Amino acid sequence: MTEVAYRDALRLALSDAMAADEAVVLIGEEVGLYGGAYGVTKGLLDRFGANRVIDTPISEPGIVGAAIGAAMTGLRPVAEIMYVDFVGMVMDQLANQAAKSRYMFGGQIGVPMVLRTQGGTGRSAAAQHSQSLEAWIMHTPGLRLAMPGTVSDAYHLLRDALRQPDPVVFIEHKSLYTMKGEIGDSPDAPWGSPAIRRAGQDLTIATYSRMLHETLKAADALAADVSVEVVDLRCLNPMDDSVLMDSVRRTGRCLIVTEAVTTASVSSEIAARVTEQCFDWLEEPPVRLGGEDIPIPVSPALERASIPDAVLIEEVARWLVTREAPTWAA
């Protein structure tokens, strides 16, 4: 199968969904003529027309509010917010309206929309355009949350997101858009279920999005000494954690790797679940490895130093299994 870029897989998912269902529409800043801030929607205006690929003013609350109304009245909109950092501007629409409408209307009205956005570091975009804010979304009941880390998942998870009856927040990583890979014939796992990307016996590492690739590099480097099982969480809400818990019960150890800060984080939630469900099997307490509790620096060197990389993941994983003193503890 021909390799495609991550952003091309997303474009193909949107194109296929729009061809299959006339209710699917795109709405956002520069999604039409410009083709999206990262080129994901390029060419879709020419194919589907301005009634279905709708450029908007620079107004995130307007974009999301319009998408919610459209979803409640029969369409299946895909709204795009250029950076996840701007999700704070739409939290009333997203957390109080989209997430709760099915409950508030006694199940009679859902909000089948997808909010596409992107987060993470890697482009020296500084503190207001580089955050990982998935914990904000995960905390809100009623919002589904997907964070694909592979090209195949970029396609299949987005197609699945457009089949869900409730709002989905779909966070893409800005550093993955040019990554190439194959699109499989079917999803690696059902919606909400993690995928085991590498089998191992000594340690389970749970991760997602860009950190999946840093973790796999670390697992390769550790292969001669430590057998690492890598679990790609993929969907953070709802999440079927049974795959992760089965893995931890087999290995007896768990490291959670994220780009986001660890305070009140996704990694904190995962660590709590592992402790509650796997306590009798654990050789060591679960360990969280995430970004520094600081605003993201604009300096490329400081930006890289603010989040985990393969070298740090390798050292922490080795220490967790062998208690060999890492260089960062010197």
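Quick rundown of the values:
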quantity: Residue that is at pLDDT below 95, part of a loop (DSSP other than H, G, I, E, B) and farther than 25 Å from R163 by Cβ, where the choices are A37, A50; calculated: A37
quantity: Residue count, the range 128-176 (criterion: under 10 Å from the mean Cα position of the chain (by Cα) and more than 23 Å from P77 (Cβ to Cβ)); calculated: 2
quantity: Residue match in the range 21-28 (condition: buried (at least 23 other Cβ atoms within 10 Å of the Cβ), modelled with pLDDT of 95 or more, within 24 Å of the chain's Cα centre (by Cα) and more than 18 Å from Y155 (Cα to Cα)); calculated: yes
quantity: Flag for S306 being among the hydroxyl-bearing types (S, T, Y), in contact (Cβ under 8 Å) with a residue 60 or more places away in the chain and either closer than 13 Å to L255 by Cβ or surrounded by 18 or more Cβ atoms within 10 Å (Cβ to Cβ) (or both); calculated: yes
quantity: Hits in the range 221-236 (condition: surrounded by fewer than 20 Cβ atoms within 10 Å (Cβ to Cβ) and not hydrophobic (A, V, I, L, M, F, W, C)); calculated: D225, S227
quantity: Residues of the range 252-299 classified as of a type in the set (D, E), within 23 Å of the chain's Cα centre (by Cα) and either in a loop (DSSP other than H, G, I, E, B) or more than 21 Å from A126 (Cβ to Cβ) (or both), total; calculated: 3
quantity: Tally of residues being assigned to a loop (DSSP other than H, G, I, E, B) and farther than 23 Å from R304 by Cβ across the range 110-126; calculated: 4
quantity: Considering residues of the range 69-109 that are part of a strand (DSSP E or B) and of a type in the set (A, V, I, L, M, F, W, C) only, the residue surrounded by the most Cβ atoms within 10 Å (Cβ to Cβ); calculated: A79
quantity: Unique match (being in a loop (DSSP other than H, G, I, E, B), farther than 20 Å from S193 by Cβ, in contact with an Asp or Glu (Cβ under 6 Å, 6 or more places away or on another chain) and not assigned by TED's automatic domain parsing to the domain that holds S132) among V226, V321; calculated: V226
quantity: Residue selected from the range 35-47 under the condition touching an Asp or Glu at 6+ places or on another chain (Cβ under 9 Å) and over 22 Å from G88 (Cβ atoms), by the criterion surrounded by the fewest Cβ atoms within 10 Å (Cβ to Cβ); calculated: G39
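The values are calculated or read from the model by the stated rules, or taken from the named source; none is laboratory data. In this text, all values refer to a predicted model and were calculated from it rather than measured experimentally. Methodologically, a virtual Cβ is constructed for each residue, glycine included, from the backbone with ideal geometry; neighbour enumeration extends over all protein chains shown.
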